[in-house]
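The values are calculated or read from the model by the stated rules, or taken from the named source; none is laboratory data. Keep in mind the model is a prediction, meaning the values are calculated, not measured. Cβ placement follows ideal geometry from the backbone for every residue including glycine, while neighbour counts extend to all protein chains displayed. Please note that ligands, DNA and RNA were not included when accessible areas were found on the heavy atoms of the full protein model with its side chains. Shrake-Rupley method; radii C 1.70, N 1.55, O 1.52, S 1.80 Å.
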Amino acid sequence: MANTAKKTIIGPDLPNIPWENRPKGCADAAWRSKRNPIIPRDLIPTSNSIFNSAVVPFKGEFRGVFRCDDRCRNMQLHSGRSRDGIKWEIDEQRIRFQCDDPEIARWGYGYDPRVCWIEDRYWVTWCNCYHGPTIGIAYTHDFETYHQIENAYLPFNRNGVLFPRKIGGKYVMLSRPSDNGHTPFGDIFLSQSPDMIHWGCHRFVMGRKGGWQSTKIGAGPIPIETTEGWLMIYHGVLTSCNGFVYSFGAALLDIEQPWKVLYRTAPYIMSPWETYECVGDTPNVVFPCAALTDAATGRIAIYYGGADTVVGLAFAQVDELIEFVKANSEL
Ligand code: BMA
């Protein structure tokens with residue numbers, strides 16, 4: 001039977017999106033997979049941990065770029081593939097980016113990747129070492145060969161997240177300018193580019209607020225285009241007497257001028273509650289880097305890192321999530 005319901009997500013259908021129904025008695029805006037963690041820390045023999053990773057639909061299957069910290073504790077990026085989005089195969093060798101310019105090609109570390117389909121290719125952005133952390137950019141057509149281009153910004157910057165289409169004729173990226181350490185501050189900004197190389201026309205999007213998002217915030221998955229605005233899932237950090245606590249919430253941004261925040265959650269949507277989120281190399285972290293969406297059903301599958309050690313999966317229904325954001329908004 002044809003689905004004639006109004007579609008809130010503006011984008012393609014994804015009938016094979018990983019999905020589990022809301023558990024009985026759960027009233028939360030997002031719920032965890034019963035199969036969590038879906039990727040264990042030692043899925044490849046050289047890894048210390050696999051977390052904060054990005055996945056996309058690819059030719060009826062799924063592909064991704066994974067943060068695999070190795071057993072020397074170097075932060076590396078690896079390619080992965082999956083038929084169902086749950087069971088993953090990850091290359092044992094890290095990605096070797098092709099790059100014509102030796103100045104850019106010199107590899108230091110890479111972490112917290114995002115992957116974004118725009119027009120004719122998959123763009124990868126990540127936290128890249130260039131005299132400190134900044135945003136690296138590469139593209140791939142097949143998740144086998146990756147072409148690296150210029151870094152987007154000067155150091156120091158993290159959480160570079162592209163919008164999935166040009167807006168006002170420009171590529172648009174969110175980022176979180178910061179410092180060189182375990183940054184104790186950070187707000188979300190937006191930059192624009194005619195060509196993915198030159199970034200400017202910077203705009204402030206939103207800053208820290210109370211409680212779970214009081215120390216720093218950063219964009220998570222690629223923003224989801226909806227009839228209510230861009231749905232941006234983002235992480236927020238609280239400094240407790242025992243260190244940082246990473247949770248995530250969501251905001252709705254104006255479609256044409258996405259630096260304008262329409263709504264933003266005062267309470268978090270998910271916070272580290274489960275053991276694999278509270279115990280690991282960095283305790284008390286949920287860190288979302290990707291979301292799959294199915295426009296036909298409004299289903300969203302969120303991939304997030306747990307405790308800087310494993311990958312978890314959470315689910316939400318777009319209309320319920322938007323309703324939660326609006327009903328609990330504080331700008
Ligand atoms: C941030 C990044 C993330 C990490 C988080 C918690 O600064 O390094 O990769 O998940 O800290 O340690």
(message) If you take every residue apart from TRP230 with its C-beta less than 13 Å away from the C-beta of TRP230, what net charge results, scoring Lys and Arg +1 and Asp and Glu -1?
(response) -1
(request) Please report, as a whole percent, how much of the solvent-accessible surface of the stretch 256-331 comes from carbon and sulfur atoms (probe radius 1.4 Å). (result) 50
(message) Could you identify which residue out of PRO164, PRO283, PRO23 has the top mean-square fluctuation in a GNM of the chain using Cα springs shorter than 10 Å?
(response) PRO23
(request) Please state the charge dipole magnitude for the chain, taken about the Cα centre, from unit charges on C-beta atoms (+1 on K and R, -1 on D and E), reported in debye and rounded to the nearest 20. (result) 460
(request) Given a cut-off of 20 Å, name the pairs among LYS7/LYS59; LYS7/LYS326; LYS209/LYS260; LYS170/LYS216; LYS166/LYS209; LYS209/LYS326 whose C-alpha atoms lie farther apart than that in the structure shown. (result) LYS7/LYS59; LYS170/LYS216; LYS166/LYS209
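Can you give me the accessible area per residue for the chain, using a 1.4 Å probe, in Å²?
Numbers: 13780 Å² over 331 residues.
Counting only protein heavy atoms, the per-residue value for the chain is 42 Å².
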(request) Roll a 1.4 Å probe over the protein heavy atoms and report the accessible area of ASP179 in Å², nearest 10. (result) 40
(request) State whether the chain is rounded, prolate or oblate according to the following rule on the C-alpha gyration tensor (a ≥ b ≥ c being the square roots of its eigenvalues): a/c under 1.5 gives rounded; otherwise a/b larger than b/c gives prolate, and the remaining case gives oblate. (result) rounded
(request) Select from PHE163, LEU174, HIS198 the residue farthest towards the positive end of the dipole of the stretch 152-289; place +1 on Cβ of Lys and Arg, -1 on Cβ of Asp and Glu, and compute about the Cα centre. (result) HIS198
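Using 0.36 nm times the number of residues separating GLN98 and ARG208, minus their current alpha carbon distance, what extension gain do you get? Intermediate results must be reported in sequence, preceding the final value.
On the way: separation 110, 0.36 × 110 = 39.60 nm, distance 3.71 nm.
So the chain would gain 35.9 nm between GLN98 and ARG208.
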(request) Using just the helices of the chain, give the 222 nm mean residue ellipticity in deg cm²/dmol: DSSP H runs with n ≥ 4 each add -39,500 (n - 2.57), and the total is spread over all residues, rounded to 500. (result) -1000 deg cm²/dmol
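Quick one: ranking CYS72, CYS201 by accessible area, 1.4 Å probe, largest first, what do you get? Each step should come with its number before you reach the end.
Details: CYS72 105, CYS201 70 Å².
In descending accessible area the options line up as CYS72, CYS201.
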(message) Rounded to the nearest angstrom and ordered from largest down, what semi-axes does the equivalent ellipsoid of the stretch 167-288 get from its C-alpha gyration tensor (root of 5λ)?
(response) 27, 16, 12
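Given charges of +1 on the Cβ of Lys and Arg and -1 on the Cβ of Asp and Glu, with all other atoms neutral, how large is the dipole of the stretch 247-331 about its Cα centre, in debye to the nearest 20?
Details: 4 positive and 11 negative charges, 26 e Å.
My answer is approximately 120 debye.
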(request) Select from TRP212, PRO12, TRP230 the residue farthest towards the positive end of the dipole of the chain; place +1 on Cβ of Lys and Arg, -1 on Cβ of Asp and Glu, and compute about the Cα centre. (result) TRP212
(request) Keeping every protein chain in place, order THR183, THR275, THR297 by accessible area at 1.4 Å, biggest value first, i.e. largest first. (result) THR275, THR297, THR183
(request) Kindly identify the stretch 149-214 as rounded, prolate or oblate by the Cα gyration tensor criterion: order the square roots of the eigenvalues as a ≥ b ≥ c, call it rounded if a/c is under 1.5, otherwise compare a/b with b/c, prolate if a/b is larger, else oblate. (result) oblate
(request) Before anything else, pin down the relative contact order of the chain: Cα pairs under 8 Å, at least 6 apart, normalised by residue count, whole percent. (result) 19
(request) Set Lys and Arg Cβ to +1 and Asp and Glu Cβ to -1, take the dipole of the stretch 91-141 about its Cα centre, and tell me which of ILE104, TYR139, ASN128 lies farthest positive. (result) ASN128
(message) Rounded, prolate or oblate for the stretch 122-177? Axes are the square roots of the Cα gyration tensor eigenvalues, ordered a ≥ b ≥ c, and the cut-off for rounded is a/c under 1.5.
(response) oblate
(message) In whole percent, and with a 1.4 Å probe on the protein chains, what portion of the accessible area of the stretch 86-216 is carbon and sulfur?
(response) 50
